[in-house]
1. For segment A:98-105, check the following and say yes or no: at least one residue is of a type in the set (F, W, Y) and either surrounded by fewer than 19 Cβ atoms within 10 Å (Cβ to Cβ) or more than 9 Å from every other protein chain (Cβ to nearest Cβ) (or both).
2. For segment A:54-79, name all the residues that are closer than 15 Å to A:R29 by Cβ and surrounded by 18 or more Cβ atoms within 10 Å (Cβ to Cβ).
3. Give C:L122, C:L116 a once-over and let me know the one that is at pLDDT below 90, more than 20 Å from C:P206 (Cβ to Cβ) and buried (at least 17 other Cβ atoms within 10 Å of the Cβ).
4. Testing B:R241 on (1) surrounded by fewer than 17 Cβ atoms within 10 Å (Cβ to Cβ); (2) closer than 28 Å to B:H75 by Cα; (3) within 11 Å of another protein chain (Cβ to nearest Cβ), one condition comes back false. Which one is that?
5. Please go through (1) closer than 28 Å to C:I235 by Cβ; (2) of a type outside the set (F, W, Y); (3) free of Cβ contacts under 8 Å to residues at least 40 places away in the same chain; (4) part of a helix (DSSP H, G or I) for A:I144 and return the number of the only condition it doesn't satisfy.
6. Would a scan of segment C:236-249 turn up a residue that is within 14 Å of chain A (Cβ to nearest Cβ), in a helix (DSSP H, G or I), buried (at least 22 other Cβ atoms within 10 Å of the Cβ) and under 28 Å from the mean Cα position of the chain (by Cα)?
7. So which pairs qualify, if the first residue must be in segment A:88-109 and more than 14 Å from A:I211 (Cα to Cα), the second must be among the aromatic types (F, W, Y) and assigned to a loop (DSSP other than H, G, I, E, B), the Cβ gap must be under 6 Å, and the two must be at least 6 apart or on different chains?
8. In segment C:277-319, how many residues are closer than 25 Å to C:V14 by Cα and out of contact with any Lys or Arg (no Cβ under 8 Å at 6 or more places or on another chain)?
Amino acid sequence: MTQDTPLLDIRSLSVSFPRYDQRVRVLDRVSFSVGRGAFVGLVGESGSGKTLSSLTTMGFLPPSARVDGGEIWLNGQNLLALSPEEMSKVRGRKVAMIFQSTRSALNPMMRAGDQVARAIRIQKGVGRKEAYAEAVQLLRQVGIADAEKRARAYPHQLSGGMCQRVLVAMMLACRPSLLIADEPTTGLDVTIQAQIFEMIREVQRETGASILLITHDLGVVAETCQRVVVMYAGQIMESASVASLFARPLHPYTRMLMGSVLRVDRRVEPPGAASVMKEEVTYGIVGCRFAPRCPVALPVCWEQKPQAEVVENDHQVACHNWRGVHGTGH
Amino acid sequence: MVSEAVVKPKGERGGVRDSRAWRTWYVLRSHPSMIAGLVVLAIVLFVTIAGPSLVPYKPLKTDPENRLLPPSAMHPMGTDAFGRDILSRVVHGARLDLFIAFSVVAIALGIGVLVGMFSGYYGGKADDIIMRITDVILAFPSFILALAITAILGNSIPNVIIAIAVAYIPYFVRLTRGEVLSAKERDYAEAARCVGNSNWRIIYLHLLPNCLTPALVQATLCLGWAILDASGLAFLGLGIRPPTPEWGVLVSEGSRDIISGQWWTSFFPGAVIVLTAFAFNLIGDSLRDVTSPTEAVQ
Amino acid sequence: MRRYVLRRLALAFVTLCGVVIVVFIITRILPGNPAAVRVGPYAKPELLAQIEKEMGLDKPLPVQFVDYVAKLARGDMGKSWRTGQPVQKDLWQRLPATLELALAATLIAIFAGVILGILAALFHNSWFDHVVRIFTIFGASTALFWLALVFIFVFYYRLGWAASPLGRLTVGIEAPARITGMFIVDSALTGNTVALKDSLHHLALPAFTLAFVVSAPITKIVRAGMLDQLNADYIRTAKTIGVPMREILWRDALRNAMIPILTTIGIVFGYLMAGNVLVEMIFAWPGIGSYAWMALLNKDFEAIQGFVLLIAAMYVFLNLAIDLLYSVIDPRIRLG
């Protein structure tokens with residue numbers, strides 16, 4: 001395993017859900033990777049499948065979901081091939097997740113300190129007293145002032161931001177190689193947002209973990225991530241370094257997302273015509289699922305899913321007609 | 001160039017899956033308990049309506065020569081201590097029990113929903129008082145309350161209906177009030193934005209359909225409980241008395257025969273009670289599953 | 001928390017007052033002259049008037065009400081027409097028998113319900129789960145009196161396992177010394193093994209019958225509660241940090257499901273009391289349920305009134321106790 005091998009490598013993952021008597025392929029041949037020590041952002045609209053990808057990685061698929069194909073490689077193991085017992089060993093140590101809903105992710109009947117202490121006890125095998133002391137330390141580390149007092153509090157007595165910090169502390173205790181943060185700042189103040197991200201960066205500095213940040217907010221990605229992966233309707237549209245993506249968005253969807261960033265000196269279709277994504281149509285398309293809303297769609301787009309094409313070093317785009325947006329293309 | 005072609009999803013048969021009828025049918029199909037309940041209920045209803053004209057024996061006709069015969073081809077449910085055919089009595093009893101059950105629910109639903117809407121919409125002191133009253137009524141187990149009221153009012157069918165209905169009204173009041181309160185939250189802002197004097201009646205009409213679904217679920221369950229309560233009271237000798245063929249009465253009459261080994265005189269009427277209540281409960285439970293918000297996600 | 005406790009106490013008190021009023025309304029204000037019912041349709045008017053006077057029905061309603069409340073405050077529930085004793089004495093004498101039956105049934109039901117509910121939730125949608133679900137619906141649909149008869153026929157008449165359904169002890173066996181009035185407890189405390197075995201034998205079938213019906217709603221709520229909790233976010237967090245499944249079940253899921261479970265136990269008590277009347281009557285169990293039944297047969301209105309008041313009061317107190325228990329269990333209620 002060389003340094004270049006990505007930590008997380010999702011290859012052609014497909015997941016379907018039942019809808020009445022059919023199955024809807026919510027994730028369609030999704031492929032992306034997260035390098036060691038990297039900070040990658042997974043961007044897309046709600047319903048694009050970003051959370052589902054991470055849930056699948058963690059092994060938290062709801063019972064009605066089915067993996068139709070693909071592999072998830074984490075540190076030399078195909079997570080999809082593991083049994084539930086093996087998977088539970090992988091969780092925590094190798095990959096951990098911070099969820100969107102902060103307070104509900106904590107046990108309402110356990111004090112904050114006890115919950116972190118429990119994580120420490122299980123992961124490190126130390127005794128109760130030692131674990132609790134360490135827990136208080138961790139809470140201090142994630143920026144909770146007056147940690148001893150807060151440790152005795154119950155989740156409903158803590159603010160949303162503090163709950164999130166407690167969660168991060170629990171994850172820190174596990175020292176995962178990959179930390180997935182799913183919309184960690186939804187519903188939180190902008191000022192708290194900044195603090196949460198700083199805290200996540202701190203986690204990375206301290207543990208060397210890779211971070212996969214899931215968000216719908218391009219602005220957040222621009223400020224915090226090194227790489228970006230753009231997702232739409234269960235398909236990967238584009239992936240690049242942050243600098244490259246913002247300098248030169250290639251995919252029509254990315255360009256639509258960056259709507260206000262469109263340059264005045266280029267002639268591009270305004271995104272106006274794109275109404276709400278029609279699920280029945282979109283999920284049934286064999287080719288590129290953005291086709292119905294795409295201003296430069298070609299007939300082939302409907303029938304054949306575009307392969308990811310490497311345009312520059314690390315800038316990949318999956319589109320038959322990405323040049324059509326740029327004219328002659330730089 | 002934007003392609004005009006719209007690709008039909010795989011396996012689609014011309015949009016039939018989007019029709020409400022199809023979706024309703026699919027939901028029904030995936031809830032076998034609902035179907036089972038409906039089938040049993042249909043049988044019971046059929047027996048109730050057509051039964052009395054189909055059974056050959058008169059329910060009150062005694063035939064001492066043929067007393068206490070075990071189930072046979074002539075008497076599928078056997079005969080009782082007076083020689084009466086049990087099947088005929090059960091079939092005639094169906095009318096009475098179902099009549100009582102539906103009357104009880106009609107009254108409880110009617111009064112309960114009205115009071116609940118009033119209480120939820122107007123709020124304030126009236127709401128407080130109504131809530132305290134429902135608390136008090138609910139402080140009595142419903143069977144005990146019905147028992148006390150029937151004991152005082154006297155043994156007659158209307159009295160039984162009133163007694164049981166009184167015990168059920170609070171459930172509908174609470175349910176409706178809850179719906180109204182949450183609808184008030186939602187529609188209030190909407191109404192405020194509308195032309196200032198928006199007619200509250202319009203909101204009433206909006207609220208009513210929303211409340212109906214949980215009320216319907218509760219009503220179905222209450223139908224089952226009513227049969228159990230009414231027959232329980234009759235078994236104790238309250239409300240409906242022999243020789244009127246009511247299922248509870250039949251069980252009571254038959255209970256004396258158990259010790260001497262004639263199990264069928266009390267078993268069949270009781271089994272029918274349980275079966276009917278079971279059907280209502282199946283339907284009510286499935287209805288609740290189907291109409292609860294989580295189902296809509298599918 | 002103090003505010004919560006005080007509020008619940010106040011509410012319980014108000015409800016209790018309401019109960020007293022409602023019982024009065026039922027027994028005095030509803031149409032139907034209890035005196036007339038008692039003396040029958042053929043009595044002379046003088047006899048009717050005399051009975052009315054005896055029952056206190058000749059006084060104006062407000063006076064009757066004050067009398068009634070004053071007597072209740074003293075613990076006086078009037079005199080039973082059938083037994084000639086004060087109603088409260090009758091009830092007090094017979095209460096232990098009912099409590100013994102009710103407690104036994106509740107313990108069995110909780111034990112069975114919790115285990116079945118947890119297992120059904122764990123094996124969601126398996127055949128076991130389906131069987132349990134059918135059981136819960138069946139339990140909710142069963143006519144208790146019919147079930148008791150069926151059980152007596154099968155377990156006593158045919159199989160001979162159960163004791164004869166004629167009370168708490170076999171004829172000829174002496175009751176243990178009365179400490180609590182509950183034969184099982186008393187015979188255990190006094191070392192009376194003969195009475196212990198016999199009273200257990202007699203308790204078995206009636207308790208089992210009641211438990212069968214009562215365990216249905218308990219199983220249902222435990223199953224539903226566990227399913228809800230097991231799908232909750234914080235369970236995912238617990239799984240992520242590596243908490244073993246058994247600890248998740250008991251420490252996390254069940255604890256959080258306790259509130260609806262406790263509520264159900266409160267409701268279930270209502271079924272129990274109602275069921276007791278039927279079960280005690282069928283098994284000739286000398287508790288307050290059969291007392292009420294005999295009162296009904298004999299138009300013993302004071303006794304019926306006393307019985308209903310007692311049941312309602314017990315119900316109110318039980319629910320109060322459960323509400324207070326909530327605050328102990330759930331920190332959100334305790335600490336606001």
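The values are calculated or read from the model by the stated rules, or taken from the named source; none is laboratory data. Here the structure is a predicted model, which means the values were calculated and not measured. Positions of Cβ are backbone-derived with ideal geometry, glycine not excepted, and every protein chain shown enters the neighbour counts.
1. Within segment A:98-105, none of the residues are of a type in the set (F, W, Y) and either surrounded by fewer than 19 Cβ atoms within 10 Å (Cβ to Cβ) or more than 9 Å from every other protein chain (Cβ to nearest Cβ) (or both).
2. A:T56, A:G70, A:I72 - these are the residues of segment A:54-79 that are closer than 15 Å to A:R29 by Cβ and surrounded by 18 or more Cβ atoms within 10 Å (Cβ to Cβ).
3. That would be C:L122, the only listed residue that is at pLDDT below 90, more than 20 Å from C:P206 (Cβ to Cβ) and buried (at least 17 other Cβ atoms within 10 Å of the Cβ).
4. (3)
5. (4)
6. No, segment C:236-249 has no match at all.
7. Correct list of pairs: A:A105/A:F99.
8. The qualifying residues number 16.
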